[in-house]
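Beneath this line is the structure, given in C-alpha cells, with notes to follow.
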Amino acid sequence: MMGSGIKGPCLDCPDRNASCHGKTEDGAWRCSRWAAYQAEQETFRAKAAEDFKRVEVAMGYKRESRLRNAKRRTSLERRRRK
C-alpha cells in the first residue's frame with residue numbers, strides 16, 4: 001500500500017496497461033490519473049513529514065523540560081539536606 005488511506009486510481013481504470021505507470025522521455029507521467037495520484041501522494045508525504053517534525057520538536061521540548069525539572073528537584077533536595 002503506497003499511502004495511508006489514499007486509494008490508487010488504477011483499480012477500475014479502463015485504460016490500465018503494463019506501462020501506464022511509467023514516465024515518458026520528457027519526464028511526464030504517461031497516465032494523467034496516475035500523475036494526479038502521485039501528486040496527491042507527494043502532498044500526503046510532505047504533510048506527514050511536517051507532522052513528524054512537529055511531534056519530534058514537541059517531544060524534545062518535553063524531554064528537556066523533564067531534565068531541567070529533575071536537576072532543579074535534585075538541587076532543592078540537596079539544599080534541604082544541609
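The values are calculated or read from the model by the stated rules, or taken from the named source; none is laboratory data. Here the structure is a predicted model, which is why all the values come from computation and not from measurement. Backbone-built Cβ (ideal geometry, glycine too); neighbour counts: all protein chains shown. The area values use the complete protein model at the heavy-atom level, side chains included, leaving out ligands, DNA and RNA. Shrake-Rupley method; radii C 1.70, N 1.55, O 1.52, S 1.80 Å.
Of all residue pairs spaced 6 or more apart or on separate chains, those with beta-carbon atoms under 9 Å, a first member in segment 39-58 that is under 30 Å from G27 (Cα atoms) and a second member that is loosely packed, with under 10 Cβ neighbours inside 10 Å and of a type outside the set (K, R) are F44/S4; F44/G5; A48/S4. Report, by residue number, each residue of segment 20-48 that is open to solvent by less than 60 Å² (accessible area, probe 1.4 Å), part of a loop (DSSP other than H, G, I, E, B) and of a type outside the set (V, I, T). Correct list: C20, G22, G27, A28, C31.
Within segment 34-52, does at least one residue satisfy the condition of being of a type outside the set (A, V, I, L, M) and in contact with a Cys (Cβ under 7 Å, 6 or more places away or on another chain)? Yes, segment 34-52 has at least one match.
Identify all residues within segment 23-42 that are among the acidic types (D, E) and over 11 Å from G8 (Cβ atoms); write none if there are none. Walk me through it before giving the result.
Of segment 23-42, the ones among the acidic types (D, E) are 25-26, 40, 42.
E25, D26, E42 - these are the residues of segment 23-42 that are among the acidic types (D, E) and over 11 Å from G8 (Cβ atoms).
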